[in-house]
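For reference, the structure discussed in these notes is given below.
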Amino acid sequence: MEHLVRGVDHAAFPTFDPAATVRFYRDVLGFPVVHSICAAGWGREQHPDFIHFFFDIGGGDRIAFFYYFGLEPVHDQPQGDAYAGFGADVPGWFVDSRHLAVHVDSEEHLMEYRRRLDASDWPVEMQVQHETIESIYTHDPNGYMVEITRALRPVTPQEDLDAELTIEALVEVASGPEPTLGKLLTRKAELIVERAAAWEEGVRS
Amino acid sequence: MTTLYVLDVPENTAVPKVAAEDPAVTVDRVGPYFAISAPGTIVVDRRATGCRHAVWYSCVAGLGGARIIQHDKDALRVEPA
């Protein structure tokens, strides 16, 4: 199937604090404001007056926010963000699993963003080396988790094969009763035996 | 036979190397994977591999006739299923 899409046009989120949002993205991170829409007079009951505004996150991609005048925050849960609240019993790692990651080209550039954030009201909360990337994290003024990341090395073709086999095993195991990682790894081993040797021959030929 | 599959990427290469220090363990290749096998239990010491945590906890690609009974900051222990 032909792959026709060309990356992120924009990802959009609501904000209840547009001033802090502009300080964070424009003034702290240095993401230019590139577009805004003033939507007025649509009737408060049906649709409040709002501003939709965009920041350039590089590569022609944008992050955008909606600010609705007069709309009070929609939840008072102890965890979560401007969009969604979560009770105290929901694990933090689950809450933070939804996040936006933007990437930079080098360690120097990652550290430049670390410096900018650490000097702001939103210092870096974590710096982590994963398998193939290194990331810094913070929460923006709206409670959204934001990650800035750099590649430690290019992803190899065998990692694409591995991902394909993982997802095939995942779809099978998650479609069945009581999915576990153990079941996935057992099914994936069968797929490795069936497919992986042939994959290497394909690369060599 | 207990078999542990590990993808051949630069971060993972110490895992089969450390596992192979046990004379009961053999390391073969299946395409881009290391197939680490033994008649019984396979134990890999994390510190000996030098793996970062994120690498260590994601190094297992597959389990043939095997189940993980320990995978923590100290060791990976795989025994016959």
Each residue of B:25-31 has, on average, a number of other protein chain C-beta atoms within 10 Å of its C-beta equal to 4
Ordered by residue, what ³J(HN,Hα) values in Hz, to whole numbers, does the stretch A:130-137 give under the Karplus form 6.51 cos²θ - 1.76 cosθ + 1.60, where θ = phi - 60° and Gly and Pro are x? 8, 5, 10, 9, 10, 10, 10, 9
Over chain A, one equal point on each Cα, no solvent: what is log10 I(q)/I(0) by the Debye formula at q = 0.10, 0.13, 0.18 Å⁻¹? -0.63, -0.95, -1.30
CD proxy, 222 nm, chain A: helix-only mean residue ellipticity via -39,500 (n - 2.57) per DSSP H run with n ≥ 4, per residue, nearest 500, stands at -10000 deg cm²/dmol
Which value, in debye to the nearest 20, describes the size of the charge dipole of the protein assembly as shown about its Cα centre when Lys and Arg Cβ atoms bear +1, Asp and Glu Cβ atoms bear -1, and nothing else is charged? 340
DSSP-loop chymotrypsin sites (Phe, Trp or Tyr not before Pro) across the stretch B:26-81, with at most 15 other Cβ within 10 angstrom: B:Tyr57
Would you kindly state how much longer the chain becomes between A:Phe86 and A:Ala12 on full extension, computed as 0.36 nm times their sequence separation minus their alpha carbon distance, in nm to one decimal? 24.6 nm
Highest mean first, how do B:45-55, A:189-199 rank when packing is the count of other Cβ atoms within 10 Å averaged over residues? A:189-199, B:45-55
Local electrostatic count, A:Ala119, Cβ distance below 14 Å [Lys/Arg +1, Asp/Glu -1]: 0
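Before anything else, pin down the relative contact order of the stretch A:1-136: Cα pairs under 8 Å, at least 6 apart, normalised by residue count, whole percent. Could the numbers behind the result be given before it?
On the way: 166 pairs, mean separation 26.3, N = 136.
Reported as a whole number, the value is 19 percent.
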Vicinal HN-Hα couplings computed from phi for the stretch A:45-60 (Karplus, 6.51 cos²θ - 1.76 cosθ + 1.60; Hz; Gly/Pro x): 4, 7, 6, x, 4, 8, 10, 10, 10, 10, 10, 7, 10, x, x, x
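So how do A:149-161, A:166-178 stack up, highest first, on mean other-Cβ count within 10 Å? Display every interim value, and only then the final one.
On the way: A:149-161: 14.5, A:166-178: 12.8.
Output ranking for A:149-161, A:166-178: A:149-161, A:166-178.
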Per-residue Cβ counts within 10 Å, from other chains only, averaged over B:9-19: what number is that? 2
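What average count of beta carbons from other chains do you get within 10 Å of the Cβ of residues in B:54-63?
Values: counts 7, 4, 1, 1, 2, 1, 4, 9, 15, 9.
The shielding value for this peptide is 5.
Order these peptides, A:83-90, A:1-8, by their mean beta-carbon neighbour count within 10 angstrom, highest first. The partial results should precede the final answer.
Working: A:83-90: 12.4, A:1-8: 6.4.
With the highest mean Cβ count within 10 Å placed first, the list reads A:83-90, A:1-8.
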Where does chain B land at 222 nm, in deg cm²/dmol rounded to the nearest 500, when only DSSP H runs of n ≥ 4 count, each adding -39500 (n - 2.57), divided by all residues? -3000 deg cm²/dmol
If amide H atoms are modeled at 1.01 Å from N in the peptide plane, then the residues at a separation of 5 or more from A:Val8, or on another chain, having amide H under 5 Å from its own are none
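How long is the gain from A:His52 to A:His130 if the chain were fully straight, where each residue apart is worth 0.36 nm and the alpha carbon distance is subtracted?
Details: separation 78, 0.36 × 78 = 28.08 nm, distance 3.44 nm.
Full-extension gain reported as 24.6 nm.
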Convert each backbone phi in the stretch B:67-74 into a coupling constant with the Karplus relation 6.51 cos²θ - 1.76 cosθ + 1.60 (shift: θ = phi - 60°), then list the ³J(HN,Hα) values in order as whole Hz, x for Gly and Pro. 9, 7, 10, 8, 8, 9, 5, 8
If the chain between A:Glu72 and A:Ala39 were fully stretched, how many nm would it gain, using 0.36 nm times the residue separation less the Cα-Cα distance? 10.1 nm
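Rule-based calculations on the coordinates, nothing more; no lab input. All values derive from a computational prediction rather than experimental measurement. Every residue, glycine among them, receives a Cβ derived from its backbone with ideal geometry; neighbour counts consider all protein chains shown.
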